[in-house]
Amino acid sequence: VTSQTINQIRLFDLGRQYAEIQPEIEAAIHDVFSRGVYVKGPFVETFEREWAQYCGTRFAIGVSSGTTALELLFRAYGIGPGDEVIVPANTAIPTAMAVSNVGALPILADCERSSANIDPDAIEAVVTSRTKAIVPVHLYGRPARMDEVAEIARRHGLIVIEDAAQAHGARYRGKRVGSLSASAAFSFHPSKNLGAYGDGGIVTTDDPVIYEKVSQLRDIGQSARYTHVRVGTVGRLDDLHAAMLSVKLRHLDDWIAARRATAERYTRAFAGTPVSTIPDAEHEFAVYHLYVVELPDRDRVCAALDAAHVDWGIHYPTPIHQQQAYAGAPIAPRPLPVAEARSARILSLPMSANLEPAELDRVVEVVLGAFGGAA
Ligand SMILES: Cc1ncc(COP(=O)(O)O)c(C=O)c1O
(Lines give C-alpha, C1' and ligand atoms only; values in the text may rest on other atoms or scores of the structure.)
Protein backbone atom coordinates (compact mmCIF):
# COMPACT_ATOMS: atom_id res chain seq x y z
CA VAL A 1 0.00 0.00 0.00
CA THR A 2 1.45 3.37 -0.91
CA SER A 3 1.23 6.35 1.40
CA GLN A 4 -1.24 8.01 -0.99
CA THR A 5 -3.82 5.29 -0.43
CA ILE A 6 -3.60 5.31 3.38
CA ASN A 7 -5.96 7.70 5.13
CA GLN A 8 -4.40 9.64 7.96
CA ILE A 9 -5.96 8.61 11.28
CA ARG A 10 -6.56 11.79 13.24
CA LEU A 11 -6.31 12.23 16.99
CA PHE A 12 -9.90 13.46 16.64
CA ASP A 13 -11.80 14.37 13.51
CA LEU A 14 -14.15 17.34 13.86
CA GLY A 15 -14.91 17.41 10.13
CA ARG A 16 -16.41 13.95 10.44
CA GLN A 17 -18.50 15.06 13.39
CA TYR A 18 -19.78 18.06 11.44
CA ALA A 19 -20.79 15.83 8.53
CA GLU A 20 -23.02 13.85 10.93
CA ILE A 21 -24.92 16.86 12.23
CA GLN A 22 -24.60 19.39 9.41
CA PRO A 23 -28.35 19.96 8.80
CA GLU A 24 -29.00 20.59 12.51
CA ILE A 25 -26.06 22.98 12.80
CA GLU A 26 -27.06 24.88 9.68
CA ALA A 27 -30.61 25.24 10.99
CA ALA A 28 -29.27 26.59 14.31
CA ILE A 29 -27.05 29.13 12.52
CA HIS A 30 -30.00 30.24 10.43
CA ASP A 31 -32.17 30.66 13.57
CA VAL A 32 -29.57 32.89 15.23
CA PHE A 33 -28.82 34.96 12.15
CA SER A 34 -32.48 35.59 11.38
CA ARG A 35 -33.38 36.41 14.98
CA GLY A 36 -30.78 39.17 14.80
CA VAL A 37 -29.55 39.10 18.43
CA TYR A 38 -25.98 37.89 18.69
CA VAL A 39 -24.89 38.60 22.25
CA LYS A 40 -26.89 38.37 25.49
CA GLY A 41 -29.72 36.84 23.48
CA PRO A 42 -32.19 33.99 23.97
CA PHE A 43 -29.93 31.22 22.67
CA VAL A 44 -27.43 31.74 25.48
CA GLU A 45 -30.20 31.69 28.07
CA THR A 46 -31.65 28.50 26.63
CA PHE A 47 -28.31 26.74 26.55
CA GLU A 48 -27.48 27.86 30.09
CA ARG A 49 -30.75 26.31 31.27
CA GLU A 50 -30.05 23.09 29.37
CA TRP A 51 -26.49 22.85 30.67
CA ALA A 52 -27.48 23.46 34.31
CA GLN A 53 -30.13 20.77 33.99
CA TYR A 54 -27.67 18.36 32.37
CA CYS A 55 -25.12 18.87 35.17
CA GLY A 56 -27.70 18.91 37.95
CA THR A 57 -26.91 22.44 39.17
CA ARG A 58 -29.15 25.44 39.82
CA PHE A 59 -27.22 27.80 37.56
CA ALA A 60 -24.98 27.88 34.50
CA ILE A 61 -23.34 31.05 33.15
CA GLY A 62 -22.01 31.05 29.60
CA VAL A 63 -18.58 32.67 29.20
CA SER A 64 -15.99 33.17 26.48
CA SER A 65 -13.63 30.28 27.32
CA GLY A 66 -12.71 27.74 29.97
CA THR A 67 -9.88 30.01 31.09
CA THR A 68 -12.33 32.90 31.52
CA ALA A 69 -14.66 30.57 33.47
CA LEU A 70 -11.84 29.86 35.95
CA GLU A 71 -10.68 33.48 36.19
CA LEU A 72 -14.17 34.83 36.82
CA LEU A 73 -14.82 32.17 39.44
CA PHE A 74 -11.59 33.06 41.26
CA ARG A 75 -12.57 36.73 41.18
CA ALA A 76 -16.09 35.93 42.37
CA TYR A 77 -14.65 34.07 45.38
CA GLY A 78 -12.34 37.00 46.11
CA ILE A 79 -9.15 35.10 45.29
CA GLY A 80 -6.27 37.42 44.40
CA PRO A 81 -2.81 38.68 45.37
CA GLY A 82 -1.34 36.93 48.42
CA ASP A 83 -3.54 33.84 47.95
CA GLU A 84 -2.48 30.37 46.90
CA VAL A 85 -4.57 27.93 44.87
CA ILE A 86 -3.61 24.26 44.64
CA VAL A 87 -3.76 22.77 41.13
CA PRO A 88 -2.43 19.52 39.64
CA ALA A 89 1.12 19.57 38.27
CA ASN A 90 0.12 17.76 35.09
CA THR A 91 -2.93 19.70 33.92
CA ALA A 92 -3.42 21.81 30.81
CA ILE A 93 -1.61 25.04 31.65
CA PRO A 94 -4.73 27.30 31.67
CA THR A 95 -5.70 25.83 35.06
CA ALA A 96 -2.56 27.40 36.54
CA MET A 97 -2.53 30.52 34.37
CA ALA A 98 -6.08 31.44 35.38
CA VAL A 99 -4.81 31.52 38.98
CA SER A 100 -1.84 33.69 37.96
CA ASN A 101 -4.09 36.01 35.94
CA VAL A 102 -6.04 37.03 39.06
CA GLY A 103 -2.76 37.75 40.87
CA ALA A 104 -2.74 34.61 43.04
CA LEU A 105 -0.07 31.90 43.08
CA PRO A 106 -0.80 28.45 41.62
CA ILE A 107 0.74 25.76 43.81
CA LEU A 108 1.35 22.45 42.09
CA ALA A 109 0.46 19.12 43.66
CA ASP A 110 1.69 15.87 42.15
CA CYS A 111 -0.59 13.38 40.43
CA GLU A 112 -1.29 9.72 41.15
CA ARG A 113 0.48 7.27 38.88
CA SER A 114 -2.62 5.06 38.59
CA SER A 115 -5.25 7.65 37.60
CA ALA A 116 -3.14 10.64 36.46
CA ASN A 117 -5.44 12.80 38.61
CA ILE A 118 -4.37 15.00 41.51
CA ASP A 119 -3.06 13.01 44.49
CA PRO A 120 -4.94 13.88 47.71
CA ASP A 121 -1.80 13.26 49.82
CA ALA A 122 0.14 15.70 47.63
CA ILE A 123 -2.59 18.33 48.16
CA GLU A 124 -2.38 17.94 51.91
CA ALA A 125 1.42 18.37 51.78
CA VAL A 126 1.26 21.84 50.16
CA VAL A 127 -1.59 23.46 52.14
CA THR A 128 -0.38 26.64 53.89
CA SER A 129 -2.04 29.50 55.75
CA ARG A 130 -2.27 31.32 52.39
CA THR A 131 -4.15 28.52 50.61
CA LYS A 132 -7.64 29.63 49.55
CA ALA A 133 -8.83 26.95 47.14
CA ILE A 134 -8.19 23.58 45.53
CA VAL A 135 -8.87 23.10 41.83
CA PRO A 136 -9.12 19.39 41.06
CA VAL A 137 -9.05 18.76 37.30
CA HIS A 138 -11.02 15.82 35.89
CA LEU A 139 -8.07 15.07 33.65
CA TYR A 140 -8.63 13.30 30.32
CA GLY A 141 -12.33 13.02 31.23
CA ARG A 142 -11.85 10.96 34.42
CA PRO A 143 -13.33 12.40 37.64
CA ALA A 144 -10.78 13.34 40.30
CA ARG A 145 -11.02 11.81 43.80
CA MET A 146 -13.61 14.29 44.97
CA ASP A 147 -14.44 12.64 48.33
CA GLU A 148 -10.84 12.96 49.48
CA VAL A 149 -10.51 16.48 48.03
CA ALA A 150 -13.71 17.56 49.83
CA GLU A 151 -12.46 16.13 53.10
CA ILE A 152 -9.13 18.01 52.88
CA ALA A 153 -11.00 21.21 51.96
CA ARG A 154 -13.38 20.80 54.90
CA ARG A 155 -10.52 20.26 57.34
CA HIS A 156 -8.61 23.36 56.17
CA GLY A 157 -11.58 25.60 55.31
CA LEU A 158 -10.81 25.76 51.56
CA ILE A 159 -13.02 26.34 48.53
CA VAL A 160 -13.18 23.56 45.91
CA ILE A 161 -13.64 24.60 42.29
CA GLU A 162 -13.72 21.82 39.70
CA ASP A 163 -11.90 22.26 36.42
CA ALA A 164 -14.22 20.13 34.30
CA ALA A 165 -12.88 21.41 30.96
CA GLN A 166 -12.12 17.87 29.76
CA ALA A 167 -14.98 16.00 31.38
CA HIS A 168 -18.44 17.03 30.09
CA GLY A 169 -20.88 14.35 31.24
CA ALA A 170 -18.43 12.39 33.43
CA ARG A 171 -19.91 11.07 36.68
CA TYR A 172 -18.56 10.39 40.15
CA ARG A 173 -20.70 8.21 42.43
CA GLY A 174 -23.55 8.80 39.99
CA LYS A 175 -23.37 12.62 40.00
CA ARG A 176 -22.23 14.61 36.98
CA VAL A 177 -19.05 16.67 37.19
CA GLY A 178 -19.83 20.34 37.53
CA SER A 179 -22.10 19.51 40.48
CA LEU A 180 -19.45 17.97 42.75
CA SER A 181 -18.09 21.12 44.39
CA ALA A 182 -18.91 24.78 45.14
CA SER A 183 -18.58 25.76 41.46
CA ALA A 184 -17.07 24.42 38.26
CA ALA A 185 -15.54 25.62 35.01
CA PHE A 186 -16.06 23.97 31.60
CA SER A 187 -14.40 24.73 28.26
CA PHE A 188 -16.12 24.47 24.88
CA HIS A 189 -12.86 24.67 22.94
CA PRO A 190 -13.58 22.85 19.65
CA SER A 191 -11.50 19.83 20.67
CA LYS A 192 -13.51 19.15 23.83
CA ASN A 193 -16.14 16.41 24.10
CA LEU A 194 -18.74 19.15 23.82
CA GLY A 195 -17.06 21.76 21.67
CA ALA A 196 -18.13 25.01 20.03
CA TYR A 197 -16.93 26.15 16.59
CA GLY A 198 -14.52 28.53 18.29
CA ASP A 199 -13.84 29.44 21.91
CA GLY A 200 -16.44 29.21 24.65
CA GLY A 201 -16.94 28.09 28.23
CA ILE A 202 -19.42 27.91 31.07
CA VAL A 203 -19.56 28.08 34.86
CA THR A 204 -21.89 25.89 36.92
CA THR A 205 -22.87 26.54 40.52
CA ASP A 206 -25.70 26.16 43.02
CA ASP A 207 -24.70 29.37 44.79
CA PRO A 208 -26.90 32.39 43.92
CA VAL A 209 -24.22 34.86 45.06
CA ILE A 210 -21.56 33.32 42.80
CA TYR A 211 -24.11 33.14 40.00
CA GLU A 212 -24.80 36.85 40.28
CA LYS A 213 -21.14 37.84 40.56
CA VAL A 214 -19.95 35.75 37.59
CA SER A 215 -22.94 36.94 35.50
CA GLN A 216 -21.92 40.54 36.18
CA LEU A 217 -18.15 40.02 35.87
CA ARG A 218 -18.53 38.56 32.34
CA ASP A 219 -20.60 41.59 31.31
CA ILE A 220 -18.56 44.66 32.33
CA GLY A 221 -20.00 44.48 35.82
CA GLN A 222 -23.57 45.22 34.75
CA SER A 223 -26.54 44.37 36.97
CA ALA A 224 -28.81 46.13 34.48
CA ARG A 225 -28.16 48.12 31.32
CA TYR A 226 -25.70 50.95 32.08
CA THR A 227 -25.70 50.06 35.78
CA HIS A 228 -22.18 48.86 36.58
CA VAL A 229 -21.99 47.49 40.12
CA ARG A 230 -18.46 46.04 39.90
CA VAL A 231 -15.45 46.19 37.59
CA GLY A 232 -15.82 43.38 35.08
CA THR A 233 -14.76 42.35 31.62
CA VAL A 234 -16.30 41.25 28.33
CA GLY A 235 -16.23 37.49 28.75
CA ARG A 236 -19.60 36.35 27.42
CA LEU A 237 -20.61 33.29 25.41
CA ASP A 238 -22.01 34.25 21.96
CA ASP A 239 -25.52 33.25 20.92
CA LEU A 240 -24.19 31.60 17.77
CA HIS A 241 -22.02 29.22 19.80
CA ALA A 242 -24.80 28.66 22.33
CA ALA A 243 -27.29 27.64 19.63
CA MET A 244 -24.82 25.17 18.13
CA LEU A 245 -23.94 23.82 21.59
CA SER A 246 -27.65 23.15 22.20
CA VAL A 247 -27.64 21.02 19.04
CA LYS A 248 -24.53 19.14 20.10
CA LEU A 249 -25.79 18.59 23.64
CA ARG A 250 -28.56 16.41 22.19
CA HIS A 251 -25.84 14.08 20.89
CA LEU A 252 -23.44 14.22 23.82
CA ASP A 253 -24.54 11.07 25.65
CA ASP A 254 -24.34 9.00 22.45
CA TRP A 255 -20.88 10.41 21.74
CA ILE A 256 -19.77 9.58 25.28
CA ALA A 257 -21.03 6.00 24.86
CA ALA A 258 -19.03 5.69 21.63
CA ARG A 259 -15.88 7.06 23.30
CA ARG A 260 -16.26 4.62 26.19
CA ALA A 261 -16.68 1.70 23.78
CA THR A 262 -13.52 2.78 21.95
CA ALA A 263 -11.63 3.08 25.24
CA GLU A 264 -12.76 -0.40 26.23
CA ARG A 265 -11.47 -1.85 22.96
CA TYR A 266 -8.09 -0.15 23.39
CA THR A 267 -7.82 -1.29 27.02
CA ARG A 268 -8.62 -4.89 26.09
CA ALA A 269 -6.08 -4.85 23.26
CA PHE A 270 -3.29 -3.52 25.50
CA ALA A 271 -3.88 -5.89 28.43
CA GLY A 272 -0.74 -7.89 29.19
CA THR A 273 1.48 -5.74 26.92
CA PRO A 274 4.12 -3.09 27.80
CA VAL A 275 1.43 -0.44 27.23
CA SER A 276 -0.20 0.51 30.52
CA THR A 277 -3.67 1.96 30.58
CA ILE A 278 -5.63 3.78 33.26
CA PRO A 279 -8.19 1.44 34.84
CA ASP A 280 -11.82 2.51 35.42
CA ALA A 281 -12.76 2.52 39.10
CA GLU A 282 -16.25 1.26 39.91
CA HIS A 283 -17.61 4.61 41.13
CA GLU A 284 -16.28 6.53 38.12
CA PHE A 285 -17.90 7.15 34.76
CA ALA A 286 -15.03 8.49 32.66
CA VAL A 287 -15.79 10.16 29.32
CA TYR A 288 -12.40 9.71 27.65
CA HIS A 289 -11.69 13.18 26.31
CA LEU A 290 -8.26 11.66 25.68
CA TYR A 291 -7.06 8.07 25.67
CA VAL A 292 -3.65 8.25 27.34
CA VAL A 293 -1.31 5.30 27.78
CA GLU A 294 2.06 5.08 29.48
CA LEU A 295 4.83 3.15 27.75
CA PRO A 296 8.56 2.63 27.50
CA ASP A 297 10.49 3.83 24.45
CA ARG A 298 7.91 6.41 23.40
CA ASP A 299 10.05 7.82 20.59
CA ARG A 300 10.12 4.48 18.79
CA VAL A 301 6.34 4.13 19.06
CA CYS A 302 5.81 7.71 17.81
CA ALA A 303 8.07 7.10 14.82
CA ALA A 304 6.11 3.94 13.98
CA LEU A 305 2.81 5.85 14.25
CA ASP A 306 4.15 8.63 12.01
CA ALA A 307 5.25 6.09 9.42
CA ALA A 308 1.80 4.49 9.52
CA HIS A 309 -0.04 7.84 9.14
CA VAL A 310 -1.49 7.81 12.63
CA ASP A 311 -1.64 11.07 14.60
CA TRP A 312 -0.65 11.06 18.25
CA GLY A 313 -0.30 13.60 21.05
CA ILE A 314 1.35 14.14 24.43
CA HIS A 315 -0.79 15.66 27.16
CA TYR A 316 1.39 17.23 28.40
CA PRO A 317 5.03 17.04 27.33
CA THR A 318 6.42 19.60 29.82
CA PRO A 319 5.09 19.90 33.38
CA ILE A 320 4.00 23.41 34.31
CA HIS A 321 6.90 24.14 36.68
CA GLN A 322 9.36 23.46 33.85
CA GLN A 323 7.71 25.93 31.46
CA GLN A 324 9.49 29.22 30.75
CA ALA A 325 6.38 31.17 31.81
CA TYR A 326 6.94 29.97 35.38
CA ALA A 327 10.76 30.07 35.45
CA GLY A 328 11.81 31.09 38.96
CA ALA A 329 8.22 31.17 40.26
CA PRO A 330 7.76 29.44 43.63
CA ILE A 331 4.95 27.20 42.40
CA ALA A 332 6.45 23.80 43.26
CA PRO A 333 7.21 23.67 46.99
CA ARG A 334 7.50 19.86 46.86
CA PRO A 335 9.16 17.59 44.29
CA LEU A 336 6.81 16.36 41.55
CA PRO A 337 8.30 12.98 40.62
CA VAL A 338 5.15 11.36 39.24
CA ALA A 339 4.19 14.26 36.95
CA GLU A 340 7.78 14.47 35.70
CA ALA A 341 8.10 10.73 35.11
CA ARG A 342 4.72 10.48 33.41
CA SER A 343 5.38 13.38 31.05
CA ALA A 344 8.30 11.42 29.56
CA ARG A 345 6.28 8.22 29.05
CA ILE A 346 2.71 9.18 28.16
CA LEU A 347 1.14 9.05 24.74
CA SER A 348 -2.37 10.05 23.59
CA LEU A 349 -3.86 7.80 20.92
CA PRO A 350 -6.64 8.70 18.47
CA MET A 351 -9.92 9.03 20.38
CA SER A 352 -13.25 10.36 19.22
CA ALA A 353 -16.89 9.31 18.97
CA ASN A 354 -16.43 8.46 15.30
CA LEU A 355 -13.17 6.50 15.25
CA GLU A 356 -13.84 3.37 13.17
CA PRO A 357 -13.06 -0.04 14.73
CA ALA A 358 -10.75 -0.81 11.76
CA GLU A 359 -8.85 2.40 12.46
CA LEU A 360 -8.48 1.49 16.11
CA ASP A 361 -7.19 -1.96 15.10
CA ARG A 362 -4.58 -0.28 12.92
CA VAL A 363 -3.45 1.99 15.77
CA VAL A 364 -3.13 -0.98 18.15
CA GLU A 365 -1.23 -3.01 15.56
CA VAL A 366 1.28 -0.20 14.99
CA VAL A 367 1.80 0.48 18.71
CA LEU A 368 2.32 -3.18 19.62
CA GLY A 369 4.34 -3.76 16.45
CA ALA A 370 6.83 -1.15 17.66
CA PHE A 371 7.60 -3.47 20.59
CA GLY A 372 8.07 -6.40 18.21
CA GLY A 373 4.83 -7.94 19.49
CA ALA A 374 1.92 -9.12 17.38
CA ALA A 375 -1.30 -7.15 17.64
C1 LIG B 1 -8.01 21.13 32.04
C2 LIG B 1 -8.27 22.39 31.27
N3 LIG B 1 -8.51 23.53 31.95
C4 LIG B 1 -8.77 24.68 31.33
C5 LIG B 1 -8.77 24.76 29.96
C6 LIG B 1 -8.99 26.09 29.35
O7 LIG B 1 -10.08 26.12 28.45
P8 LIG B 1 -10.09 27.12 27.22
O9 LIG B 1 -9.11 26.65 26.22
O10 LIG B 1 -11.51 27.07 26.74
O11 LIG B 1 -9.76 28.48 27.75
C12 LIG B 1 -8.52 23.61 29.21
C13 LIG B 1 -8.52 23.61 27.73
O14 LIG B 1 -7.69 24.15 27.07
C15 LIG B 1 -8.26 22.39 29.88
O16 LIG B 1 -8.01 21.27 29.21
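Things to note:
For (1) closer than 18 Å to Glu162 by Cα; (2) touching a residue at least 60 places away in the same chain (Cβ under 8 Å), each residue gets a yes or a no:
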site: Ala184; (1), (2): yes, yes
site: Lys192; (1), (2): yes, yes
site: Gly195; (1), (2): no, yes
site: Gly201; (1), (2): yes, yes
site: Asp206; (1), (2): yes, yes
site: Glu212; (1), (2): no, no
site: Leu217; (1), (2): no, yes
site: Ile220; (1), (2): no, no
site: Tyr226; (1), (2): no, no
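- Close contacts from segment 283-299, counting a first residue that is over 23 Å from Ala344 (Cβ atoms) and of a type in the set (A, V, I, L, M) and a second that is at pLDDT below 95 and surrounded by fewer than 18 Cβ atoms within 10 Å (Cβ to Cβ), with Cβ to Cβ under 8 Å and a gap of 6+ residues or different chains, come to Ala286/Asp280.
- Any hit, segment 211-221, residues being within 16 Å of the ligand (Cβ to nearest atom), over 23 Å from Thr57 (Cα atoms) and in a loop (DSSP other than H, G, I, E, B): no
- Segment 16-45, residues that are closer than 15 Å to Leu240 by Cβ and either among the aliphatic types (A, V, I, L, M) or not in a helix (DSSP H, G or I) (or both): Ile25, Ala27, Ala28, Ile29, Val32, Gly36, Val37, Tyr38, Val39, Lys40, Gly41, Val44
- Qualifying residue in segment 5-15 (condition: part of a helix (DSSP H, G or I), touching a residue at least 12 places away in the same chain (Cβ under 8 Å) and over 30 Å from Arg342 (Cβ atoms)): no
- Within segment 274-307, tally of residues that are farther than 23 Å from Ser352 by Cβ and part of a loop (DSSP other than H, G, I, E, B): 6
- For segment 223-277, the set of residues classified as in contact with an Asp or Glu (Cβ under 7 Å, 6 or more places away or on another chain) and hydrophobic (A, V, I, L, M, F, W, C) consists of Ala243, Val247, Leu249, listed by residue number.
- Residue within segment 294-315 that is touching a strand residue (DSSP E or B) at 6+ places or on another chain (Cβ under 9 Å), exposed (fewer than 12 other Cβ atoms within 10 Å of the Cβ) and not small (Gly, Ala, Ser) present: no
- Scanning segment 157-177 for residues that are of a type in the set (Val, Ile, Thr) and either free of Cβ contacts under 8 Å to residues at least 60 places away in the same chain or not in a strand (DSSP E or B) (or both) returns Val160, Val177.
- Looking across segment 144-190, the residues that are of a type in the set (Gly, Ala, Ser) and more than 16 Å from the ligand (Cβ to nearest atom) come down to Ala150, Ala153, Gly157, Gly174, Ser179, Ala182.
- Failed condition for Lys248, given (1) assigned to a helix (DSSP H, G or I); (2) of a type in the set (D, E, K, R); (3) surrounded by fewer than 20 Cβ atoms within 10 Å (Cβ to Cβ): (3)
- Within segment 213-257, the set of residues being hydrophobic (A, V, I, L, M, F, W, C) and over 24 Å from His168 (Cβ atoms) comprises Ile220, Ala224, Val229, Val231, Val234.
- Looking across segment 110-126, the residues that are free of Cβ contacts under 8 Å to residues at least 60 places away in the same chain and either away from the ligand (no atom under 13 Å from the Cβ) or over 19 Å from Ile314 (Cα atoms) (or both) come down to Pro120, Asp121, Ile123, Glu124.
- Considering residues of segment 79-103 that are of a type in the set (Val, Ile, Thr) and assigned to a loop (DSSP other than H, G, I, E, B) only, the residue nearest to the ligand (Cβ to nearest atom): Thr91
- Per-region count, segment 46-76, residues in contact with a helix residue (DSSP H, G or I) (Cβ under 7 Å, 6 or more places away or on another chain) and not in a helix (DSSP H, G or I): 6
- Flag if Phe47 is modelled with pLDDT of 95 or more and crowded, with 19+ Cβ neighbours inside 10 Å: yes
- When residues of segment 56-65 are limited to those that are in contact with a Lys or Arg (Cβ under 8 Å, 6 or more places away or on another chain) and of a type outside the set (A, V, I, L, M), the one farthest from the ligand (Cβ to nearest atom): Gly56
The values are calculated or read from the model by the stated rules, or taken from the named source; none is laboratory data. Quick caveat, the model's predicted, so the values are computed rather than measured. Cβ: placed from backbone, ideal geometry, glycine included. Neighbour counts: every protein chain shown.
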